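K.L.:
Could you have a look at this structure, given as structure tokens, before my questions?
Throughout, read-outs are computed from the coordinates displayed, never taken from laboratory work. The model shown is predicted, which means the values in this text are computed figures rather than measured ones. Here Cβ is always computed from backbone atoms with ideal geometry, including for glycine, and neighbour counts include all displayed protein chains.
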Amino acid sequence: MVRKISKSEIKQPTLMVLKRLMDSIVIVLSLRILAEVMGTPFGNAYISLSIIVFLVYFIISDKWDTQLWYRNDIWRGTRKILFSWLLMAGIVLFVGYVTKNSAQYSRALLLTWFVTTPIVLLLAEGIFWAVLTKVMKTGKAGRTAIVAGINTLSRQLVQRLPDHPNLGLEFAGGFDDRSSERLMVDASDKYQGNLADLPDFVNVNKIDVIFITLPMVQEPRILDLLDRLKDTTASIYFVPDIFIVDLVQSRVEDIGGMPAIAVCETPFFGVNAVLKRSVDLILASMIVVMISPLLVAIMLGIKLTSKGPVIFKQRRYGLDGKEIAIYKFRSMTVCEDSGDVPQATREDTRITKIGRFLRRTSLDELPQFFNVLQGSMSIVGPRPHAVAHNEKYRKIVKGYMMRHKVRPGITGWAQVNGLRGETETISKMENRIKYDLDYLRRWSIYLDLKIIFRTVTVVFRDPNAY
């Protein structure tokens, strides 16, 4: 018998796709309505622009945190929408400049569209989540859920349920074979009894969803519970206790009907890889063109003030731990790239006069934009360390090599959080790796743009730059 799926059973990934489709449709409709109001013919050029904008915005909004409005975090939502739309507008302007087709469009129409669209998106976002929250909180759409196994994992799960009204779940209680005194339960746990009582409780109270949060080591108990729950109609979810390990880009994949849980994965594959690389190429190309006079001036300054090459290469570990050569303006009297490279210190005598200025302002890193164009680096990512430092710290710092799941960057999350410069202690390196891994977990285009803007604001006043 085919069962009609209720609104509350729409899974979050499906909901997010619908949300992204809605945003793209709103943007295209805004352009169409403005063209009608301003009396501009909506010809082939505007149809082509609409198709491009629809597809590009759908892609770049993939990593946006769309669960904002019911968290009452309107300012954060506003910033994310503004950043995404600025990126979208930049791509449109860049494509128009490269293809030389901008003359086909009304500047007044495009300017009005660029200014008004973020406002329309904000209104649509608010309406979307307001309606969704109201629908999912109604008795018809709402479902009751219980947990089998009261522990830290189950409590984290229960705490997160209110943040996901799209699931329409209301917590009804928890079960565990340990006594309530031993578990030290409180009112929020809603302790209902031991696991033997669970099947009857489900049937009597018409429970819709059961989350099994028992530790994986208790496999016999889990199998026994599943066997006894066959006499119920409840949906059953197994929440594996994989939080004992450091998760990076965790998710569940379906491989020919077999579920596989990703514990450590790169955020850049498929569409995300294309998006990340496209943004790198666009921004790096624009930056290289804009700073070309500065590059020439620095090259002349280095050549005229000290002996040696203007640019030198250093070996670093890149994507997947493979060796790459990165470019830098020479800022020292030596070009060391041996097996044991001493890190630069505050009063390092190897640094030239012009080199000290270049290092303090990070201008010595500018040639790495050519690494970005080559594909060995990204504009944003974990900063590459010397090969000798990698070999040293990979044996000491937990999770060190996980930072090589992505291309190294010219700037990074650790650097804009004050972790730049010499790492003379293990704790400093551990803190840097902590931020590098946090970047992998949280990656989005918005985060990349945030890091770039913060880099511009802190680069000239960073006390750790020398």
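K.L.:
Got a sec to turn the phi values of the stretch 290-297 into Karplus ³J(HN,Hα) couplings, 6.51 cos²θ - 1.76 cosθ + 1.60 with θ = phi - 60°, whole Hz, x for Gly and Pro?
P.N.:
Calculated HN-Hα couplings, in order: 5, 9, 4, x, 5, 4, 5, 5 Hz.
K.L.:
OK, next. What nm distance separates the two modelled labels at Lys303 and Phe370, each placed 7 Å from Cα along Cα→Cβ?
P.N.:
1.3 nm
K.L.:
How large is ³J(HN,Hα) for each residue in the stretch 204-209, as worked out from phi by the Karplus curve 6.51 cos²θ - 1.76 cosθ + 1.60 (θ = phi - 60°), to whole Hz, x for Gly and Pro?
P.N.:
Per-residue couplings from phi come out as 5, 9, 6, 5, 8, 9 Hz.
K.L.:
Then there is this: For an R0 of 25 angstrom, estimate the FRET efficiency from the Cβ-Cβ distance between Thr233 and Ala130 and round to the nearest 0.05. Write down the numbers at each step before the final one.
P.N.:
Working: r = 32 Å, r/R0 = 1.28.
That gives a FRET efficiency of 0.20.
K.L.:
So who's got an amide H within less than 5 Å of the one on Tyr191, skipping anything under 5 residues away but keeping other chains? H placed 1.01 Å off N, in plane.
P.N.:
Excluding prolines and chain starts, which carry no amide H, the hits are Gly174.
K.L.:
Kindly state, to the nearest 0.05, the FRET efficiency for Phe42 paired with Asn203, given R0 = 41 Å and r defined as their beta-carbon distance.
P.N.:
Working: r = 59 Å, r/R0 = 1.44.
After rounding to 0.05, the efficiency reads 0.10.
K.L.:
Turning to a different aspect of this structure: Between Glu265 and Asn417, with labels modelled 7 Å along Cα→Cβ, what's the label distance in nm to one decimal, could you check?
P.N.:
For the pair Glu265/Asn417, the computed spacing is 2.3 nm.
K.L.:
Which cross-chain or sequence-distant (5 or more) residues have an amide H under 5 Å from the amide H of Gly409, H modelled 1.01 Å from N in plane?
P.N.:
Amide H neighbours of Gly409, under 5 Å, 5+ apart: Ser378, Gly381, Arg383.
K.L.:
Please list the non-local residues whose amide H lies under 5 Å from the amide H of Met332, H modeled 1.01 Å from N, same-chain partners needing a gap of 5 or more.
P.N.:
Thr352
K.L.:
Rounded if a/c is under 1.5, else prolate if a/b is larger than b/c, else oblate: which is the stretch 143-244, with a ≥ b ≥ c the root eigenvalues of its Cα gyration tensor?
P.N.:
Values: a/c = 1.22, a/b = 1.02, b/c = 1.19.
Since a/c stays below 1.5, the shape of the stretch 143-244 is classed as rounded.
K.L.:
Ok, one more. From the backbone phi of the stretch 183-199, what are the Karplus-calculated ³J(HN,Hα) couplings (6.51 cos²θ - 1.76 cosθ + 1.60, θ = phi - 60°) in whole Hz, Gly and Pro given as x?
P.N.:
6, 6, 6, 10, 4, 5, 6, 6, 4, 10, x, 8, 5, 5, 7, 4, x
K.L.:
Between Asp186 and Val95, what is 0.36 nm times their sequence separation minus the Cα-Cα distance? Round to one decimal in nm. Before the final figure, lay out each step's value.
P.N.:
On the way: separation 91, 0.36 × 91 = 32.76 nm, distance 5.87 nm.
Extra length available between Asp186 and Val95 comes to 26.9 nm.
K.L.:
While we're here: What is the sum of charges around Val202, taking Lys and Arg as +1, Asp and Glu as -1, for the other residues whose C-beta is under 11 Å from the C-beta of Val202?
P.N.:
Summing Lys/Arg as +1 and Asp/Glu as -1 gives -2.
K.L.:
Can you give the FRET efficiency to the nearest 0.05 for Arg79 and Lys353, using r as the Cβ-Cβ distance and R₀ = 56 Å?
P.N.:
Working: r = 41 Å, r/R0 = 0.73.
The value I calculate is 0.85.
K.L.:
What's the extension gain from Val252 to Ser102 if we count 0.36 nm per residue and subtract their Cα-Cα distance? Spell out each step's value before the answer.
P.N.:
Details: separation 150, 0.36 × 150 = 54.00 nm, distance 4.37 nm.
Result for the pair: 49.6 nm of gain on full extension.
K.L.:
For Glu323, project a label point 7 Å along Cα to C-beta. Then give me every residue of the stretch 377-419 with its amide nitrogen under 15 Å of that point.
P.N.:
Counting backbone N atoms under 15 Å from the label point, the list is 385-392.
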